[in-house]
């Protein structure tokens, strides 16, 4: 396990590979561990990092501030401590929100952004969870909660990653989850996206995602003057990078090397058996 201390608080991270840096940011469920399949593929060309936000995984769980703003600051100080001058960011859900805010506040430190199943308008989470189910999840105190049931309904083929995701989710405290929830639902990223008019951004969603539906982000493809693109993966749910690891990993690598042209899903990515043939 790799770790550093920021303000006497432990930050757990892992790093694979060599090359241009990519930092992976997890969401409100799980931890750095669910990025492993993607990191293993992408790290053949890039130096990949994944860290646990405070309150999650193996990072410090003390304190009472668990917000997007705190995680933006945490990311900035992590990069300083690790000597990462510039990086690409890949963020899922909450991590995608942190990535966009970080790029808005320090655009000179980031090269490209990939967001996955990210609520660009935080209130969409409330709208999609019937009868406040998501907020009840955030306040749960037992393993048979709505949250535990929710994550167990997600289709994840890798049984080891699946079990780790269950364990990480079940161990989260109500204090952390409430802080994250309040911060998410209070955040509207549309002004930040408008300000990022020269920052390439790829927003990836699952067609079947019922937590963060892709149609709320369709405005990304409406302005051809901005380097932002929305891609929807057919039949995928909320954890698209676990359900379609090969396709997602290839999208990242194609996007990073693209010269401003849109990326697209190619049929041959689905047909190959050996994932490492693509990288």
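None of the figures in this text is laboratory data; all of them are computed from the coordinates on show. Because the structure is predicted, anything quoted here is derived from the model rather than measured. Quick reminder, even Gly has a Cβ in these numbers, built from the backbone with ideal geometry, and neighbours come from all protein chains shown.
The modelled label-to-label distance for the pair residue 107/residue 264, using points 7 Å beyond Cα in the direction of Cβ, is 2.9 nm. Using a Gaussian network model of the chain in which every pair of alpha carbons under 10 angstrom is joined by a spring, one finds that among 263, 212, 240 the greatest mean-square fluctuation is at 263.
Between the C-alpha center of the range 38-73 and that of the range 183-201 there is a gap of 20 Å. Each label was represented as a point 7 Å from its Cα along the Cα-to-Cβ direction; for residue 3 and residue 188 these points are 4.1 nm apart.
For the pair residue 218 and residue 62, the difference between a 0.36 nm per residue extended length and the Cα-Cα distance amounts to 52.4 nm.
In percent, rounded to a whole number, the relative contact order of the chain is 19, using alpha-carbon pairs under 8 Å and six or more apart.
What does the extension gain come out to for residue 163 and residue 76, with contour length at 0.36 nm per residue minus their alpha carbon separation?
Values: separation 87, 0.36 × 87 = 31.32 nm, distance 3.06 nm.
Answer, rounded to one decimal: 28.3 nm.
The mean sequence separation of alpha-carbon pairs under 8 Å and at least six residues apart, normalised by the residue count of the range 48-112, gives a relative contact order of 28 percent.
For 124, 265, 22, 160, the sequence from fewest to most other C-beta atoms within 10 Å is 160, 265, 124, 22. When shorter helices are ignored and each DSSP H run of at least 4 residues is given -39500 (n - 2.57), the per-residue value for the chain at 222 nm works out to -10500 deg cm²/dmol.
Going from the fewest other Cβ atoms within 10 Å to the most, the residues 75, 177 appear in the order 177, 75.
Ordering 101, 190 from the fewest to the most neighbouring beta carbons within 10 Å gives 190, 101.
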